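*Asks:* Let me give you the structure first, and then I'll get to my questions.
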Amino acid sequence: MSIIDWRIYILNYNDFITEIKKEKTKELYFFSGEEIYLMDKALVELIECILTEDLRSMNLSYLDGKIDDLDSLKLSCETLPFLANKRIIVLNNPDAMEDLVKNQDEAINYFKTLGGHQTLIILDRKSGIKKSTKFYRYIKDKNYNVNFEKLNGIELNNWVLNKFKIEGKEINNAGISYFIKSSGYLSRNIDSTLYDLENEIKKLSTFNQRKEITNDDMDKTLIKSIDRNIFDLLEAVSNNNSDKAIRVFNEIYGMNELIPKIVFMISRQFRLLNAIKQYTNRGHSNNEIQLKLGIKPYEFTKLTRQVGSFSQKKLNLILEDILGTDKKMKTRSSDQRLEMELLLVKLTNK
């Protein structure tokens, strides 16, 4: 891939690493995306590519404060490198994103004047700059942006396998899939990064003396993600198991989740089950249903396994009961935990 290909699409982590290893670096990079582990790794790789360790103390600056008038940013960018070809300036403060947008015309005009003696890296760790702003459109038009999405598929599996190897552990492919699902890394409901996965791998490796990591090891060592608990809750309701439903709810509650959020997540799952049931009855294929609902394969598979346990009538009654409990919690002072337990008893006795 040639340098001119940068104009075709937004770089991801792998593309970015490939390009900087060719020693072709830009004057400005805008790092964004939810996978901060890869963002941090890319920053380290870029610094190592441009500056040797002995030159970093004089030529590497981190701007961690606010930049209300952009003067501190300009001053750092205009300082010439010392005994090096380039200086590196890292803008690392989430509050600075607001300042850039507030002064976006001034920032854009200044970025147009940046020379080749520096590389400015803006880390938008919290996605503070909206894609609709003039600032972001300029960054995109100039192909300064590098997007760090979560890993998935083979890339994620290989990353997990390698981390276990580093810890001196073995895990098979089925175990890797179980670990990823247990972690909730790919869940839309959990703010999880590779840092979290790395910590879980270290925990598993520390508390298990055997070389091979099994599913049983994971069940004993890892805290279940809220998604896995929600699916366990659905299963308890489908089996009319009040005791298990209340126990799983209290596990979720013990994770410091707000009860309105738990109600919302349960409601969402039953609405999806209801939609799957209706689409199936109309003759739609699983692929068509998944596309219509816009949910990930793992979640869709779990739901399709459970939908057969519910009749259309039962799903309708469950959704009515959840809505009634939600309204009760919002319109009058009540013990929300008690209301939730009463709801589960009601659902498991239908």
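*Asks:* Does the range 133-146 contain at least one residue that is more than 20 Å from Leu43 (Cα to Cα), at pLDDT below 90 and either touching a Phe, Trp or Tyr at 6+ places or on another chain (Cβ under 6 Å) or basic (Lys, Arg) (or both)?
*Replies:* no
*Asks:* Quickly run through the range 201-213 and pick out the residues that are more than 15 Å from Ile180 (Cβ to Cβ) and either surrounded by 17 or more Cβ atoms within 10 Å (Cβ to Cβ) or not assigned by TED's automatic domain parsing to the domain that holds Leu161 (or both).
*Replies:* Across the range 201-213, the qualifying residues are Ser205, Asn208.
*Asks:* I would also like to ask the following. Which is hydrophobic (A, V, I, L, M, F, W, C), within 22 Å of Glu34 (Cβ to Cβ) and over 17 Å from the mean Cα position of the chain (by Cα), of Ile171, Ile180, Ile154?
*Replies:* That would be Ile154, the only listed residue that is hydrophobic (A, V, I, L, M, F, W, C), within 22 Å of Glu34 (Cβ to Cβ) and over 17 Å from the mean Cα position of the chain (by Cα).
*Asks:* Now a separate question. Can you report the number of residues in the range 78-105 which are closer than 20 Å to Tyr136 by Cβ and either of a type outside the set (A, V, I, L, M) or outside the structural domain of Thr133 (by TED's automatic domain parsing) (or both)?
*Replies:* Within the range 78-105, residues that are closer than 20 Å to Tyr136 by Cβ and either of a type outside the set (A, V, I, L, M) or outside the structural domain of Thr133 (by TED's automatic domain parsing) (or both) number 10.
*Asks:* Identify, from the list Tyr178, Tyr138, the residue that is within 30 Å of Ile121 (Cβ to Cβ) and buried (at least 16 other Cβ atoms within 10 Å of the Cβ).
*Replies:* Tyr138
*Asks:* Which residue is surrounded by the fewest Cβ atoms within 10 Å (Cβ to Cβ), if the candidates are limited to the range 246-262 and must be within 22 Å of the chain's Cα centre (by Cα) and aliphatic (A, V, I, L, M)?
*Replies:* My answer is Leu258.
*Asks:* Okay, next question. What number goes with the only condition from (1) assigned to a loop (DSSP other than H, G, I, E, B); (2) surrounded by fewer than 12 Cβ atoms within 10 Å (Cβ to Cβ) that Lys330 does not pass?
*Replies:* Just one mismatch for Lys330, condition (1).
*Asks:* Looking at Leu151, Leu186, Leu197, can you tell me which residue is within 28 Å of Leu258 (Cα to Cα), modelled with pLDDT under 95 and assigned to a loop (DSSP other than H, G, I, E, B)?
*Replies:* Among Leu151, Leu186, Leu197, only Leu186 is within 28 Å of Leu258 (Cα to Cα), modelled with pLDDT under 95 and assigned to a loop (DSSP other than H, G, I, E, B).
*Asks:* In the range 146-169, what residues are over 20 Å from Asn12 (Cβ atoms) and touching a residue at least 40 places away in the same chain (Cβ under 8 Å)?
*Replies:* If the condition is that a residue be over 20 Å from Asn12 (Cβ atoms) and touching a residue at least 40 places away in the same chain (Cβ under 8 Å), then Phe164, Gly168, Lys169 are the ones that fit.
*Asks:* Inspect all residues belonging to the range 51-67 and state whether any of them is within 24 Å of Ile108 (Cβ to Cβ), touching a residue at least 40 places away in the same chain (Cβ under 8 Å) and surrounded by 15 or more Cβ atoms within 10 Å (Cβ to Cβ).
*Replies:* So far as the range 51-67 goes, no, none of its residues is within 24 Å of Ile108 (Cβ to Cβ), touching a residue at least 40 places away in the same chain (Cβ under 8 Å) and surrounded by 15 or more Cβ atoms within 10 Å (Cβ to Cβ).
*Asks:* Here is a further query. Spot the failing condition for Lys21; the list is (1) free of Cβ contacts under 8 Å to residues at least 24 places away in the same chain; (2) over 26 Å from the mean Cα position of the chain (by Cα), and only one is missed.
*Replies:* Checking Lys21 against (1) free of Cβ contacts under 8 Å to residues at least 24 places away in the same chain; (2) over 26 Å from the mean Cα position of the chain (by Cα), the one that fails is (1).
*Asks:* Could we say that Ile88 is surrounded by 18 or more Cβ atoms within 10 Å (Cβ to Cβ) and under 18 Å from Leu43 (Cα atoms) here?
*Replies:* Taking the combined requirement at face value, the residue satisfies it.
*Asks:* Something else now. Consider the range 29-52. How many of its residues are in a loop (DSSP other than H, G, I, E, B) and within 22 Å of Asp141 (Cβ to Cβ)?
*Replies:* Residues flagged as in a loop (DSSP other than H, G, I, E, B) and within 22 Å of Asp141 (Cβ to Cβ) within the range 29-52 amount to 1.
*Asks:* Hey, does the range 268-283 have a residue that's assigned by TED's automatic domain parsing to the domain that holds Leu233, assigned to a helix (DSSP H, G or I), closer than 23 Å to Ser242 by Cβ and modelled with pLDDT under 90?
*Replies:* Scanning the range 268-283, I find at least one residue that is assigned by TED's automatic domain parsing to the domain that holds Leu233, assigned to a helix (DSSP H, G or I), closer than 23 Å to Ser242 by Cβ and modelled with pLDDT under 90, so the answer is yes.
*Asks:* Counting just the residues of the range 287-310 that are under 23 Å from the mean Cα position of the chain (by Cα) and not in a helix (DSSP H, G or I), which one comes out surrounded by the most Cβ atoms within 10 Å (Cβ to Cβ)?
*Replies:* The selected residue is Ile295.
*Asks:* Looking at (1) at pLDDT 90 or above; (2) assigned to a loop (DSSP other than H, G, I, E, B), which is the one condition that is false for Asp191?
*Replies:* That leaves (1) as the condition not met.
*Asks:* While we're on this one: Do we have any residue at all in the range 95-118 that's under 25 Å from the mean Cα position of the chain (by Cα), of a type in the set (Gly, Ala, Ser) and crowded, with 19+ Cβ neighbours inside 10 Å?
*Replies:* Checked the range 95-118: at least one residue is under 25 Å from the mean Cα position of the chain (by Cα), of a type in the set (Gly, Ala, Ser) and crowded, with 19+ Cβ neighbours inside 10 Å.
*Asks:* Only one of (1) in contact (Cβ under 8 Å) with a residue 40 or more places away in the chain; (2) surrounded by fewer than 18 Cβ atoms within 10 Å (Cβ to Cβ); (3) more than 29 Å from the chain's Cα centre (by Cα); (4) farther than 13 Å from Leu233 by Cβ is not met by Glu341, so which one is it?
*Replies:* Failed condition: (4).
The values are calculated or read from the model by the stated rules, or taken from the named source; none is laboratory data. Keep in mind that this is a model prediction, so the values were computed, not measured. All Cβ positions, glycine included, derive from the backbone under ideal geometry; neighbour counts span all protein chains shown.
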